[in-house]
Amino acid sequence: MPGALPEPLIDELSRFAGQLADLAGQVIKPYFRKPIAVETKADRSPVTEADREAERRMRAVIADTYPEHGIIGEEFGRTAADADIVWLLDPIDGTKSFVTGNPLFGTLIAVVHRDRPVIGVIDHVMTGERWLGIQGRKTRLNGEPVATRACPRLAQAVKYAYGVECYQGAEAAAFTAVGERVAMRRFSADCYAYGLLASGFVDLVMEDTMNPWDYSALVPVVEGAGGVITDWRGEPLGLASDGRVLASGDATLHAETLGVINA
């Protein structure tokens, strides 16, 4: 692929992403199910010192190791975001789960090269599960390859979404139309739902109002497991995407679901 990162650099960056996930887990785990102050940000989402400390630590290590790389994080914004290589950091994806004692929150780390996610980590420190996706390679869970399952029809599909309260207007109508056609609906698994999709236990994940740090790490994980992940128009996800995300384990299912969303 013209302009692609060399394989030795991909290997180096994927190892480093794993080290960042280790670091974040070391910061976050001692806070879990302990008294911790919860603040509400301007977007009405919660944040804790665990989120902030984990991102601060990861950003510092990236800046020391790869000063030429950019960083975009949920808690501390953008640094050199126009660099060829940019790290996307979500220290705790699922802070609401974290502060309510639910262990399914995760840490998301992505490497984006020229607006294309090429490495993604979904790390769940409390369950000991880590999905690693690398563009052009098979996704692995704790070192073992995983794959999505065949499910060509909505009527057979298991679907996850963040929560019905998040959808408004046309998004709510699309959410309802898809939900009425699937075999089973589940809610609020945060990034864990995408790991389950990559491992063949879930067929669809449908969400809106996501940010680049929410979805960038998911792209290599889902695609490397044989799935499809796009926006609601079927376009590839990049830093400027509108935050509406559809992930499917089966390409035929993805096409049918897009048809329902855009009907």
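The values are calculated or read from the model by the stated rules, or taken from the named source; none is laboratory data. None of the values given here were measured: they were computed from a predicted structure. Quick reminder, even Gly has a Cβ in these numbers, built from the backbone with ideal geometry, and neighbours come from all protein chains shown.
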Quiz prompt | Residue count for the range 134-169, restricted to those that are part of a helix (DSSP H, G or I), out of contact with any Asp or Glu (no Cβ under 6 Å at 6 or more places or on another chain), modelled with pLDDT of 95 or more and surrounded by 14 or more Cβ atoms within 10 Å (Cβ to Cβ) | solution = 1
Quiz item: Out of all the residues in the range 24-83, which are among the aromatic types (Phe, Trp, Tyr), out of contact with any strand residue (DSSP E or B) (no Cβ under 8 Å at 6 or more places or on another chain) and not in a helix (DSSP H, G or I)?
Solution: Phe32, Phe76
Quiz item: Quick one: in the range 211-239, which of the residues that are free of Cβ contacts under 8 Å to residues at least 40 places away in the same chain and in a loop (DSSP other than H, G, I, E, B) is surrounded by the most Cβ atoms within 10 Å (Cβ to Cβ)?
Solution: Gly234
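Quickly run through the range 240-252 and pick out the residues that are surrounded by fewer than 19 Cβ atoms within 10 Å (Cβ to Cβ) and closer than 20 Å to Asn211 by Cα. Lay out the reasoning, then the answer.
As a first pass, look at the range 240-252 and keep what is surrounded by fewer than 19 Cβ atoms within 10 Å (Cβ to Cβ): 240, 242-243, 251-252.
Scanning the range 240-252 gives Ala240, Asp242, Gly243.
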Quiz prompt | Subset tally (residues that are modelled with pLDDT of 95 or more and surrounded by fewer than 21 Cβ atoms within 10 Å (Cβ to Cβ)) for the range 197-210 | solution = 3
Exercise. Take Asp64 and decide whether it is touching an Asp or Glu at 6+ places or on another chain (Cβ under 6 Å), farther than 20 Å from Ser248 by Cα and not assigned by TED's automatic domain parsing to the domain that holds Leu197.
Key: no
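How many residues does the range 34-62 hold that are aliphatic (A, V, I, L, M) and without any contact (Cβ under 8 Å) to a residue 12 or more places away in the chain?
Qualifying residue count, the range 34-62: 2.
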Quiz prompt | Filtered residues of the range 82-94 (kept if surrounded by 15 or more Cβ atoms within 10 Å (Cβ to Cβ) and modelled with pLDDT of 95 or more) | solution = Ala83, Ile85, Val86, Trp87, Leu88, Leu89, Asp90, Pro91, Ile92, Asp93
